[in-house]
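Read the structure below first, then the notes.
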Amino acid sequence: MILLTDNLREEDLKFEPYEPCPCLSGKKFKFCCYQKARNFKQKSLSELNYSESRIQYEMSKLWDETDFKTCFGFKKEECGDLIKNAHSIQNNRILNRISDENHVYQISHRFSNDEGITTEFKRISKNKASTFFGFCDFHDTELFKPIELKDYENEEIQNFLFAFRALSIETH
């Protein structure tokens, strides 16, 4: 397992007060999440004497709270109201090929008092794999038709759309 705490420095986690907030609200950090970050820094997890399972739960909860819904489609005027929990990898084509009994492995993080934060492979349902709230129903259906409705043929539009989905989930 890889120990992430060895590579993570405090400088990597600092944000200047007047730079854009990392939550992508469009506000400056000082006027958005600054106070929440300051309060959190004052309470370290080690001071709380939580069990490993409680810390794991709290970390998962914090991660889930960072999720947001937005559409990365090109024409905002075409956006539908429903932002889907869409797959960044095609569920019925690619995930079917790489799944084992409808499960795939995902990189996950785990906390341990002995090892700190480590990465591990976690077996999850292929229906939950690589999903994110990054496209409205219209764009998820219409924009990706060239890769959803036919097999991969190394076409320029297919290559672009696969790359665009990958970029979208990483941006999200």
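For the reader, a short list of remarks on this structure follows.
- Scanning segment 86-105 for residues that are surrounded by 14 or more Cβ atoms within 10 Å (Cβ to Cβ) and among the polar types (S, T, N, Q) returns 88, 90, 91, 99.
- Residue 130 fulfils the conditions (1) hydroxyl-bearing (Ser, Thr, Tyr); (2) out of contact with any Leu (no Cβ under 9 Å at 6 or more places or on another chain); (3) surrounded by 16 or more Cβ atoms within 10 Å (Cβ to Cβ) except for a single criterion, (2).
- Single match in 85, 159, 154, 96 (criterion: out of contact with any Asp or Glu (no Cβ under 7 Å at 6 or more places or on another chain) and assigned to a loop (DSSP other than H, G, I, E, B)): 154
- Residue match in segment 139-152 (condition: touching a helix residue (DSSP H, G or I) at 6+ places or on another chain (Cβ under 8 Å), surrounded by 15 or more Cβ atoms within 10 Å (Cβ to Cβ) and of a type in the set (Phe, Trp, Tyr)): yes
- Within segment 110-119, the set of residues being of a type outside the set (D, E, K, R) and surrounded by fewer than 15 Cβ atoms within 10 Å (Cβ to Cβ) comprises 112, 113, 116, 119.
- Residue in segment 60-77 that is touching a strand residue (DSSP E or B) at 6+ places or on another chain (Cβ under 7 Å), at pLDDT 85 or above and part of a strand (DSSP E or B) present: no
- The residues of segment 86-126 that are free of Cβ contacts under 8 Å to residues at least 40 places away in the same chain and of a type in the set (Phe, Trp, Tyr), listed by number, are 105, 121.
The values are calculated or read from the model by the stated rules, or taken from the named source; none is laboratory data. Predicted model only: the values in this text are computed from it and were never measured. A quick note on method: Cβ atoms are made from the backbone with ideal geometry, for glycine too, and the neighbour counts reach across all protein chains shown.
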